[in-house]
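A short write-up of the structure that comes next.
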Amino acid sequence: MKKSKKVKKREKKNRPKLKPCPFCGGEAVIEDAVYNYAVMCTRCRCETRWETNEGIAIDLWNRRSTMDELKPCP
Ligand SMILES: [Zn+2]
């Protein structure tokens with residue numbers, strides 16, 4: 001039996017995966033405005049601050065050391 005290898009190695013490797021929301025565990029998405037990026041939870045809508053660099057915004061979200069940077073929903 002042959003195992004078919006269907007690994008897509010070149011799939012957007014420069015974009016790290018977003019961890020689930022630290023507050024509610026919801027799915028996070030990247031918001032991008034022009035030259036501005038933030039990561040927002042699709043469930044409770046908390047978000048990171050806006051950064052001009054997408055990678056930094058993702059990093060802020062994923063590190064979670066920035067819990068006070070995240071704005072919980074009102
Ligand atoms: Zn959330």
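Any read-out appearing in this document is the output of simple, stated calculations on the displayed coordinates, not a laboratory observation. Here the structure is a predicted model, which means the values were calculated and not measured. Methodologically, a virtual Cβ is constructed for each residue, glycine included, from the backbone with ideal geometry; neighbour enumeration extends over all protein chains shown.
Would you please name the residue that is farthest from the ligand (Cβ to nearest atom), looking only at residues in the stretch 30-46 that are over 14 Å from LEU60 (Cβ atoms) and of a type in the set (Val, Ile, Thr)? Even if it seems obvious, please write down each step before you answer.
Step one: list which residues in the stretch 30-46 are over 14 Å from LEU60 (Cβ atoms), which gives 32-35, 42-45.
Imposing the further condition that a residue be of a type in the set (Val, Ile, Thr) reduces the set to 34, 42.
Details: VAL34: 25, THR42: 8 Å.
Ranking the qualifying residues of the stretch 30-46, first place goes to VAL34.
Could you list, in sequence order, the residues of the stretch 47-67 that are away from the ligand (no atom under 14 Å from the Cβ), touching a residue at least 24 places away in the same chain (Cβ under 8 Å) and not in a helix (DSSP H, G or I)?
Within the stretch 47-67, none qualify.
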